[in-house]
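Read the structure below first, then the notes.
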Amino acid sequence: MAYQKPTGTQDLLPGTVEKWQFVEEKARDLCRRFNYREIRTPLFEQTELFERGVGETTDIVEKEMYTFRDKGDRSMTLRPEGTAGVVRSYVENKLYGEPDVTKLYYIGPMFRYERPQAGRYRQFHQFGIEAFGALDPAIDAEVVSLGYQFCKDLGLQGVTVEINSVGNPASRAAYREKLLEFLTPMKDTLCKDCQSRMERNPMRVLDCKIDQDKFTDAPSILDSLDEECTTHFEQVKAYLTAMEVDFKVNHRLVRGLDYYTHTAFEYKAQGIGAIDTIGGGGRYNGLVGEIGGPDQPGIGFGIGLERILLILDKQEIDLQAVKPLDVYLVALGEAADREITKQLYLLRKEGFAAERDYLGRKMKAQMKSADRLKARYTAILGDDELSRGEIALKSMETGEQQTVKLSELHLALRKSADKAE
């Protein structure tokens, strides 16, 4: 039988992988500048972690999780998002004992059983950050601005931020009554999921993709915020304005996870069809305690890398991610072939990207191979040159050729690279 990749997954082949590496390196460099450190958590966790951490009324828990029983008859789930696992690790490893704010980032695959479409896969990848231990609205603004700057560093055009406050438990209780008053008359016209959520978590109804047009006149949670929540939100907006982050307030934004408090936000971009959200996040002041840790506040985001790369392609942004070879070595003769093998290893050890022919092709075919690999130089060694301890070095861009000592080939390449810069 012919095997194929599972539905909703993709093979990242050479030529594409380099683009991923480029984007990931941008994320790592940005986190270094913002003083976030990398964390790597398991691909699967106890199912209860996601049920408690993500929320039982969310689409993720109700419909999308990859859950299985292991050989010890324990219920395990492939991680559908990054925050719950990071919080579990933060608690289990007692990172809350650190004297400063704990600032972490992750890059890795997540798993959700969804209908595949543009920018949406069943195995997908996220870049995310989490900051623990601070209630200061300035950390909210820092987190929002980091994701915004990530998009800017990649050259994405038209990226905006939508923000909202989902308040604290007291504010949400007041808002719940107003929202139910609005929703109840239309209950029979709503989808089955919305009807179910009205009883358990009516705010989640606003996140419905089917009945979205019915909620235009829904009451705003901003009108139910108490003084603490209002002050916090106003300060976040003031910081973002000072940072020149392009944002707008969307009072219906609730995000798809139950653990958010105060600030919630999403990053929007054009170019990926009907789904224009490339990532989002928010503050979760009660989640650490819910998962068994001390009462520590937190805030973070997750950004979908598939969607980022799709937009980069749609906007025709040249990442220059596939790096050319520094040199392609060509051997003419058996003795030269042995020497080329040695020189190839020495150049790689010196830090150069170097390649040679392994198919026994003629010189013309080898030069075509060097051209396909976008080699900056070819180094051509025949038996005559070998006897003199020399090698011909040719620029593939200009066609200029020089003869250098074999022992100084790496120096000549280094000098040429310095000139190019």
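The values are calculated or read from the model by the stated rules, or taken from the named source; none is laboratory data. Values in this document were obtained by computation on a predicted structure and should not be read as measured data. Glycine gets a Cβ as well: all are built from the backbone with ideal geometry, and neighbour counts include every protein chain shown. These accessible areas exclude ligands, DNA and RNA; they are computed on the full protein's heavy atoms, side chains included. Shrake-Rupley method; radii C 1.70, N 1.55, O 1.52, S 1.80 Å.
For this structure, a couple of remarks:
- Between the stretch 153-167 and the stretch 279-342, the alpha-carbon center distance in angstrom: 21 Å
- Near the amide H of THR261, within less than 5 Å, lie the amide hydrogens of ARG283, TYR284, ASN285, all on another chain or at least 5 residues away, with H placed in the peptide plane.
- The stretch between PHE182 and LYS314, if pulled fully straight at 0.36 nm per residue, gains 43.5 nm over its current Cα-Cα span.
- Cut-off 9 Å between beta-carbons: net charge of the residues surrounding PRO324, Lys and Arg +1, Asp and Glu -1: +2
- Treating each Cα of the chain as one equal point scatterer and applying the Debye formula with no solvent, the log10 of I(q)/I(0) at q = 0.12 Å⁻¹ comes out as -0.99.
- Cα-based reach from LYS187 at 27 Å (exclusive), listing lysines while leaving out same-chain residues under 8 positions away: LYS63, LYS178, LYS209, LYS214
- MET396 accessible area, 1.4 Å probe, all protein chains in place, Å² to nearest 10: 60 Å²
- Distant-in-sequence amide H partners of MET65 (H built 1.01 Å from N, under 5 Å): TYR113
- Sulfur and carbon atoms: percent of accessible area, the stretch 3-128 [1.4 Å]: 47 percent
- Of the residues MET367, MET243, ranked by 1.4 Å probe accessible area with the largest first, the sequence reads MET243, MET367.
- The stretch 121-145 versus the stretch 25-48: alpha-carbon centroid distance in Å: 10 Å
- With contacts taken as Cα pairs under 8 Å and at least 6 residues apart, the stretch 49-109 reaches a relative contact order of 24 percent.
- Relative contact order for the chain, counting Cα pairs under 8 Å that sit 6 or more residues apart, in percent: 15 percent
- For the stretch 122-207: relative contact order, % (alpha-carbon pairs under 8 angstrom, 6 or more apart): 15 percent
- Accessible surface of GLU181, taken over heavy atoms with a 1.4 Å probe and every protein chain present, rounds to 140 Å².
- Computed with every protein chain present, the accessible area of ASP207 is close to 40 Å² [probe 1.4 Å].
- Ignoring lysines fewer than eight residues from LYS314 along the same chain, the ones with Cα atoms less than 17 angstrom from its Cα are LYS19, LYS152, LYS268.
- Shape category assigned to the stretch 330-417 from the gyration tensor of Cα positions, a/c cut at 1.5: rounded
- Placing TYR66, TYR148 in order of accessible area, with the largest value first and a 1.4 Å probe, yields TYR66, TYR148.
- Candidates LEU346, LEU312, LEU78: whichever shows maximal mean-square fluctuation once the chain is modelled as a Gaussian network with Cα springs under 10 Å: LEU346
- For GLN126, the amide hydrogen comes within under 5 Å of the amide hydrogens of GLY108, MET110, LEU305, counting only partners 5 or more places away or on other chains and with H modelled in the peptide plane.
- Per residue value of the accessible surface for the chain (all protein chains in place, 1.4 Å probe), Å²: 51 Å²
- Per atom type, the stretch 194-304 shows carbon and sulfur on 47% of its accessible surface, probed at 1.4 Å.
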